[in-house]
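Notes follow the structure.
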Amino acid sequence: MARRLSSHPDNLPLFNPGVYRIWHLESGKSYVGASTCVASRLLAHSKGHSGNPRLQEIFKAGGFAAEPLFYATSCKCDLAKVEAALITEFDCIANGYNRRTGRIWLPMRFPLWPEAQRRADAEAWRQAQEG
């Protein structure tokens, strides 16, 4: 059975690359993950597609919330490094559900979503005009 992840209405997950956190409301323990599509990944977690047995066991009990922590707006951003830093910040290995400090493979690279590309292009154009 899928469990609903609650989010604050002002911080809803977007279909963009980024880093997110899921936490158990009662214990306060957290899980931090990175994805090329935060909203889709959180939906997959809520349907039981985690790949992390520790996290899935707690999911069955319910009482979780989720929030996006960081969105990448450039394909030069290394989400794996951001994820590792946030896993450490939230103490997700010793006092949470992460099994390691992030990816053990090459840095995650992704194509920019059209909206993110437009924002990045607009920002680059603005900076070029100012400088």
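The values are calculated or read from the model by the stated rules, or taken from the named source; none is laboratory data. Note that the structure is predicted; figures quoted are calculated from it, not measured. Virtual Cβ from ideal backbone geometry, glycine too; neighbours counted across all protein chains shown.
General observations
- Counting only helices (runs of 4 or more DSSP H) that sit wholly inside the stretch 15-131, those with at least 1 residues that are at pLDDT 80 or above are 38-46, 53-61, 79-89.
- Meets criteria (exposed (fewer than 15 other Cβ atoms within 10 Å of the Cβ) and in contact with a Pro (Cβ under 9 Å, 6 or more places away or on another chain)) for Ser40: yes
Table: residues versus (1) under 22 Å from Asp91 (Cβ atoms); (2) touching a helix residue (DSSP H, G or I) at 6+ places or on another chain (Cβ under 8 Å); (3) of a type in the set (A, V, I, L, M, F, W, C).
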position: Gly18; (1), (2), (3): yes, yes, no
position: Gly28; (1), (2), (3): yes, no, no
position: Gly33; (1), (2), (3): yes, yes, no
position: Leu42; (1), (2), (3): yes, no, yes
position: His45; (1), (2), (3): yes, yes, no
position: Ile58; (1), (2), (3): yes, no, yes
position: Ala66; (1), (2), (3): yes, yes, yes
position: Tyr71; (1), (2), (3): no, yes, no
